[in-house]
Amino acid sequence: MDLRFAEADVRVGRARRRRAALAGEKIAFIGNYPPQQCGIASFTSDLFQALTGAVDAEVSVAAIGSEATRKHYPPEVTLVIERGDAASYVQAAARLNARGVSIVCLQHEFGIFGGDAGDHILKLLDQLNASVIVTLHTISPRFDPAQTRVLGGLIARADLLVVMSEKGRAILEEVYAVAPDKIAVIPHGVPVRPFPDADDFKRRFGWSGSDVLMTFGLLGRSKGVETMIRAMPDIVRARPSAKYVILGATHPNIVAQEGEKYRDELKALAENLGVADHVDFINRFVGGDELIDYLSAADIYVTAYRNEAQITSGTLSYAYALGKPVISTPYWHAAELLADGRGVLCPFGDAAAFADAAIKLLGDDELRRRMGENAYDDGRRMHWPVIAENYAASFASIRAEAFESARKVVRMSDRNGFSEWRAPLAYLQQMTDEVGILQHATMDIPNRHEGYCIDDNARALLAMTQLSEAGRASPVSVRFETIYASFVNGAWNAGNGRFRNFMSFDRRFLDDAGSEDSHGRTMHALAHARQHATSADHRAWADWMFFEALPASDDFVSPRAIAHGVNALCAVDAAAPGRAAVRDRIKSHAHTLHGLLKMYASPDWFWFEDVLAYENALLPSALMSAGRRLGDDQMCEDAVSALTWLSCMQTSEDGWFRPVGTQSYGVSRTLPRRFDQQPIEAYATIAAYGVAAEVDPASGWAAKARGVLRWFEGHNDLGRRLYDPANGSCCDGLHADRENRNKGAESALAALMSYTMVSKAAARRKDLVGPEILDPARIATS
C-alpha cells in the first residue's frame, strides 16, 4: 500500500475550502428585509438564501423595522431594530455580541437607518465585537455634509467595503481615500433562470402580439420615466404594436410626501401625447418569481434615469442577466454594464434618441437576439450562487486582514529569535504552590476548586527540564522541577502500576488510576527528566520511576497514549541504546500506530483515525521518532506524509497556522472546523515539526515551526495575542468571536514549551528569525 502523500496532492475545491473556513461562524445580515417592500429588502433576502447554501455557518438577519412589523418577519429574522430609536441600535449590538456573532454584513443605504443621515447605525457598529462588511448600495462623490460624515464613519468601522461596480471602487479610492485592499467589487446578484422566450410570457399577461418595452422599480422622479413616454409617439408610428409597461408601486417616501402626484403627471403626459393606450401602469410592488416572469415578457428593457449619479441598479441587473436588450441613459452602473455594445446608451432626457434606439432594435430581430444572448452569457457571473461565493470569500478575507494587522505589531528581531521572550515564570509561580501546579484559572486567578492533575504537572516537569536542556534553567525553574517531580512521585500507585491523575485542593487523590493518556504523558516527561533534570538525584529518580511505569504501556489502546509512550521510549533509547525491553516496545507500539495509519488512510484522509481530535500532531511525531530509531525508512516516510496532510489541514487559506478546533472532535472525516482553537495543538505541532526537521533538515519544517509560534502572538483568525511575554501567561484559546480569557496551566505550559523548542532550534541552527519569516506564503510553502 503506497501511503506517500505530499502537499501538492491536496485537491480540495475552492467552494469546499471556503465552506470549511466559515464552519462554526455566526454571520448576521443587517438591513431591510421582507415583508418590507424595497430593493434593499429583496437584495438582503436573496443574498441570505444564497449564502446559507454556500457556507456551513449559522446565518441570521437583524431587520430594520418596528415593533409593529416584528410578527410578520420569517424565522431567519432573529432581531428587529427599531428604525428611529437610537437605544435599539445599542441593544442590538449587545444581543449580537451575546450570541457570539463573528461577522456582520451590513446593507447600507442612507434612507434605511434612523438619525441624522442614518447615523444611528454607527452607534451599533461602535459596540459590536464582530468583523464588519458593509455593502454600499449608494456611492457618490458629492454627498451632503451629514452623509459624508456617516460614510466616513462606516469606512472607519468596516473591515471591508463591498461595492457593485468599478466606478464605486474608483470613487472610494479617489474621493474618500479608501485603501484598495479594503474594497471588494461584487456585482448585484440575479436569480438563475433559463434564457426566456418572451412570447411565452406575454401570453400570461395578455400582451401577445405586442412589442413590449418595460421599466421596473419603485416609481420616483429620478427614474426619468417621462423621457420614455415622450419617445412613445415616434415608436408607435413605426411600431403600432408597441407597448410601454411601467411596472412597480410608487416609492413609499414619495407617497408619504405627495401621494401619487408623479404617477398622475405621467398618465396625463401619455394622454396628452396620444399614447395612453400604449402605456400600461402596474401600480403595485412586484418581487420574486412574479417579477422575473414580468421581465421575461419584455422585448426591450428601459432605464432612463435623469442623472449619472446612480451607482447600481438592481432592476437593470435583473433584466440584463435575463438576456433582455437594454436601452438606458449613461448613469454610472449602466455605462459600465452596457459598455462595448452590450446595450444601447442614450443621452439624458433625449426622447428622440430613445425612440430611434427602440425602433432600430424592434425592427431587427437578429440584433435584438444577439444583444440579449450576449447579455445573458455575461450575466452568469451575477447569478446568486456566484455572488454568494464572492461574499463568502470576502468574509474569509477579513480574517486575512486581521492577520495582517496583527503581523505589523509583532517584533521578532533577536538573533536567537523571540526578543520579547525571556522564559518568564511569573505566571507559573502564581499557579504553583508547594503541592504542584493548579489545573485551571478564572481569568488569571488560580481556581483552587478544580485542584491539580498529573497531566499538567507532568507537562510542567517536562517544561522545566526543557529549559534545562536549552541552557535556560534558573533558581525558580529548579525549585519548580522539584515540586512537579514530587507531585508525579506522589501520584504513583505501586499497587496497580499506574499514576493517579486528579487531586483535590485538600490534597486527596480522587482516583486510583488516571487515563492511559495521562500515564503516557507522564512517561514522556520522565524520559526527558532522566536525561535533562538539573540534579543527579532527579535524573536517577526519573530513571527508576520510568521503568516502574513502563509495563503498563503494554496494554495501551489509546493512540495518543501509545504515541506518548513511543516518544518516551525513543528518548530513552537515544540516551542509552541497547536495552531490549525498550527497543522491543518501540517496535511493537510503533507498528500499532503504523497499522492504524494504514487502516484509516485514504487519498483524501491521510490519518490514523476517522476523526481529528486532541494533540493531533503527536501521532505522526511518535511514528517519525520510531522510524528513526528503528531505521525503518518507510515508517518515517509515511509519518512525514501524515504530518504533511495535517499541516495542510491546519493551514488557513492565507497561509497562517489554524489548529484543528474542538468543534471537530468526534466528527468523522470532515475538514477541520475552526473553533475553538487551543494552545496545546500549537505546541504538539511545533514538537512534531521539530522531529520532522531532524528527519529532513532541508525540508523547511523549522520555518513552519516558527510560523506556528506566531499563532500565540496574534497571527491567527482573530488577530488576537494569546501569550503575554510580561509574565508568561497564555489565554486558553480562541472562540469564534474572542479569545478565551481564562489562563489555565495547560495553556501557559504549551506556550512556554513552544517558545523553548523553537528558540533552542534557532540557536542550534544559528537561524536568523527576521521579518521575512512572518510572510504567510513562506510559512505555507517552505
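Can you confirm whether the stretch 294-304 contains a residue that is surrounded by fewer than 18 Cβ atoms within 10 Å (Cβ to Cβ) and of a type in the set (D, E, K, R)?
Among the residues of the stretch 294-304, not one is surrounded by fewer than 18 Cβ atoms within 10 Å (Cβ to Cβ) and of a type in the set (D, E, K, R), which makes the answer no.
May I ask you to list the residues in the stretch 314-352 that are charged (D, E, K, R), farther than 21 Å from THR138 by Cα and either open to solvent by less than 10 Å² (accessible area, probe 1.4 Å) or touching a helix residue (DSSP H, G or I) at 6+ places or on another chain (Cβ under 9 Å) (or both)?
Within the stretch 314-352, LYS324, ARG342, ASP350 meet the criteria.
Does the stretch 511-529 include one or more residues that are under 16 Å from ASP455 (Cα atoms), charged (D, E, K, R) and surrounded by fewer than 19 Cβ atoms within 10 Å (Cβ to Cβ)?
Within the stretch 511-529, one or more residues are under 16 Å from ASP455 (Cα atoms), charged (D, E, K, R) and surrounded by fewer than 19 Cβ atoms within 10 Å (Cβ to Cβ).
In the set PRO196, PRO191, which member is more than 24 Å from the chain's Cα centre (by Cα), open to solvent by 40 Å² or more (accessible area, probe 1.4 Å) and in contact (Cβ under 8 Å) with a residue 12 or more places away in the chain?
PRO191
Report whether or not ILE311 is among the aliphatic types (A, V, I, L, M) and either assigned to a helix (DSSP H, G or I) or open to solvent by 40 Å² or more (accessible area, probe 1.4 Å) (or both).
no
Would you mind stating whether ASP280 is part of a helix (DSSP H, G or I), under 21 Å from SER328 (Cα atoms) and modelled with pLDDT of 90 or more?
no
Counting only residues that are surrounded by fewer than 23 Cβ atoms within 10 Å (Cβ to Cβ) and among the small types (Gly, Ala, Ser), which one in the stretch 23-38 is farthest from ALA393 (Cα to Cα)?
GLY24
For the structure I just gave you, tell me whether ARG459 is part of a helix (DSSP H, G or I), open to solvent by 10 Å² or more (accessible area, probe 1.4 Å) and within 21 Å of HIS524 (Cα to Cα).
yes
List every residue pair whose Cβ atoms sit under 7 Å apart, with the two residues 6 or more apart in sequence or on different chains, where the first one lies in the stretch 89-102 and is under 16 Å from LEU122 (Cβ atoms) and the second, anywhere, is of a type in the set (Val, Ile, Thr) and assigned to a helix (DSSP H, G or I).
Taking only residues 6 or more apart or on different chains, the pairs are TYR89/ILE121.
Would you check which residues across the stretch 102-123 are in a loop (DSSP other than H, G, I, E, B) and out of contact with any Ser or Thr (no Cβ under 8 Å at 6 or more places or on another chain) and list them?
Residues satisfying the conditions are GLY111, ILE112, PHE113, GLY114, GLY115, ASP119.
Return yes or no: is ASP377 among the acidic types (Asp, Glu) and either modelled with pLDDT under 90 or touching a helix residue (DSSP H, G or I) at 6+ places or on another chain (Cβ under 7 Å) (or both)?
When the stated conditions are applied, ASP377 passes them.
Out of the residues in the stretch 39-69 that are assigned to a helix (DSSP H, G or I) and at pLDDT below 85, state the one that is surrounded by the most Cβ atoms within 10 Å (Cβ to Cβ).
Looking at the filtered set, the residue picked out is GLY39.
When the stretch 383-403 is examined, which residues are found to be in contact with a strand residue (DSSP E or B) (Cβ under 9 Å, 6 or more places away or on another chain) and either of a type in the set (Val, Ile, Thr) or surrounded by fewer than 22 Cβ atoms within 10 Å (Cβ to Cβ) (or both)?
Residues satisfying the conditions are HIS383, TRP384, ILE387, ASN390, ALA393, SER394, SER397, ILE398, GLU401, ALA402.
Considering the stretch 143-170 alone, what residues qualify as being open to solvent by 60 Å² or more (accessible area, probe 1.4 Å) and closer than 19 Å to VAL90 by Cα?
Correct list: ALA156, ARG157.
List pairs: first in the stretch 227-242 and in contact (Cβ under 8 Å) with a residue 12 or more places away in the chain and under 14 Å from VAL302 (Cβ atoms), second hydroxyl-bearing (Ser, Thr, Tyr) and open to solvent by 10 Å² or more (accessible area, probe 1.4 Å), Cβ under 9 Å, 6+ apart or cross-chain?
Short answer, once both residue conditions are applied: MET228/THR215; ALA242/SER210.
Only residues that are at pLDDT 90 or above and farther than 17 Å from LEU213 by Cα: list them for the stretch 339-349, please.
PRO347, PHE348, GLY349
Residues in the stretch 160-167: is at least one more than 24 Å from ARG83 (Cα to Cα) and assigned to a helix (DSSP H, G or I)?
Yes, the stretch 160-167 has at least one match.
From the residues in the stretch 176-186 that are open to solvent by 20 Å² or more (accessible area, probe 1.4 Å) and at pLDDT below 90, which one is nearest to GLN310 (Cα to Cα)?
Here the answer is TYR176.
Could you say which residue among ALA574, ALA581, ALA642 is at pLDDT 90 or above and assigned to a helix (DSSP H, G or I)?
ALA642
Going by the conditions given, is VAL178 free of Cβ contacts under 8 Å to residues at least 60 places away in the same chain and in a helix (DSSP H, G or I)?
no
Filtering the stretch 625-657 down to residues that are within 30 Å of PRO577 (Cα to Cα) and among the polar types (S, T, N, Q), which residue is most open to solvent (accessible area, probe 1.4 Å)?
That would be GLN634.
Out of the residues in the stretch 404-433 that are of a type outside the set (Val, Ile, Thr) and at pLDDT 75 or above, which is surrounded by the fewest Cβ atoms within 10 Å (Cβ to Cβ)?
Among those that are of a type outside the set (Val, Ile, Thr) and at pLDDT 75 or above, it is ALA426.
Would you point out which residue out of PHE546, PHE499, PHE505 is more than 21 Å from ILE680 (Cα to Cα) and open to solvent by 10 Å² or more (accessible area, probe 1.4 Å)?
It is PHE505.
Could you check the stretch 230-249 and list, in sequence order, the residues that are assigned to a strand (DSSP E or B) and open to solvent by less than 10 Å² (accessible area, probe 1.4 Å)?
Within the stretch 230-249, ALA242, TYR244, VAL245, ILE246, LEU247 meet the criteria.
Residue-by-condition table, conditions (1) among the charged types (D, E, K, R); (2) in contact with a strand residue (DSSP E or B) (Cβ under 9 Å, 6 or more places away or on another chain); (3) part of a helix (DSSP H, G or I):
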position: HIS188; (1), (2), (3): no, no, no
position: VAL192; (1), (2), (3): no, yes, no
position: PRO196; (1), (2), (3): no, no, no
position: ASP199; (1), (2), (3): yes, no, yes
position: ARG204; (1), (2), (3): yes, no, yes
position: SER208; (1), (2), (3): no, no, no
position: LEU213; (1), (2), (3): no, yes, no
position: SER222; (1), (2), (3): no, no, yes
position: GLU226; (1), (2), (3): yes, no, yes
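Sort through SER140, SER208 and tell me the only one that's among the polar types (S, T, N, Q), closer than 29 Å to LEU291 by Cβ, more than 28 Å from the chain's Cα centre (by Cα) and open to solvent by 50 Å² or more (accessible area, probe 1.4 Å).
One residue alone meets the criteria, SER208.
Please enumerate the residues belonging to the stretch 658-676 that are open to solvent by 10 Å² or more (accessible area, probe 1.4 Å) and either assigned to a helix (DSSP H, G or I) or in contact with a Pro (Cβ under 6 Å, 6 or more places away or on another chain) (or both).
Selection gives THR662, GLN663.
The values are calculated or read from the model by the stated rules, or taken from the named source; none is laboratory data. Quick caveat, the model's predicted, so the values are computed rather than measured. Note: ideal-geometry Cβ built from the backbone for every residue, glycine included; neighbour counts use all protein chains shown. To get the accessible areas, we keep the full protein, side chains included, count just its heavy atoms, and leave off ligands, DNA and RNA. Shrake-Rupley method; radii C 1.70, N 1.55, O 1.52, S 1.80 Å.
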